[in-house]
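The values are calculated or read from the model by the stated rules, or taken from the named source; none is laboratory data. Because the structure is predicted, anything quoted here is derived from the model rather than measured. In this analysis, Cβ positions are derived from the backbone assuming ideal geometry, glycine residues included, and neighbour counts consider all displayed protein chains. SASA here: full protein model, heavy atoms, side chains in, ligands and nucleic acids out. Shrake-Rupley method; radii C 1.70, N 1.55, O 1.52, S 1.80 Å.
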Amino acid sequence: MADPEKPDEGAEGAEGAAPKSKKKLIIIAAAAGLLLIGGGGGAWFFMSKGHDAEKEHAEAAEKVKPPNFLEVPEIMVNLAGSPGERVQYLKAKIVLEVKDEKLIEQIKPTLPRITDLFQTYLRELRSGDLNGSVGMFRMKEELTRRVNVAIAPAQVTAVLFKEVLVQ
């Protein structure tokens, strides 16, 4: 028979299992809480960092000023050729790209000098020098260099072609 002082084995197993399962439950709940807090903190960190980057990008976009352009009078020159060849002409409409509008006012008084430099350089070219994009790129680079020498210490960002016609 059952001894009154000995508890039933089923009761002892139930009492022993309860504290262990409560301990596991507390550990799991604490780990889940830490994971939730850590995940939330990490998400906040990355979200706020991205928002700051967007602000910086927007501020940088506001600081960038659009370029200003100055038109050079149309230039028409005859190209160099061999004696007896047909005379070929180059007609060019050129625009100078500058960073500030203040530079436009500094450059305007030197436009006759710039036009002269352009004409003397372009008259030395042959029609073969202008073939393809490489020829156009070389001409653009050389014109940019000559303009920057003429207006130093001011600088032109680029020489742009509105029209180039070889006939």
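Between L35 and V95, the simple label model (points 7 Å from Cα in the Cβ direction) yields a spacing of 6.1 nm. The slack between Q155 and S133, meaning 0.36 nm per residue of separation minus the straight C-alpha distance, is 5.5 nm.
So, for region 98-154, what is the accessible surface per residue at a probe of 1.4 Å, expressed in square angstrom? Working shown, then result.
Working: 3600 Å² over 57 residues.
Accessible surface, normalised per residue, equals 63 Å².
The calculated FRET efficiency for the pair E85 and K108, based on their C-beta separation and a Förster distance of 25 Å, comes to about 0.05.
Spin-label pair E71-L165: with each label point 7 Å from Cα along the Cα-Cβ axis, the two points sit 1.5 nm from one another.
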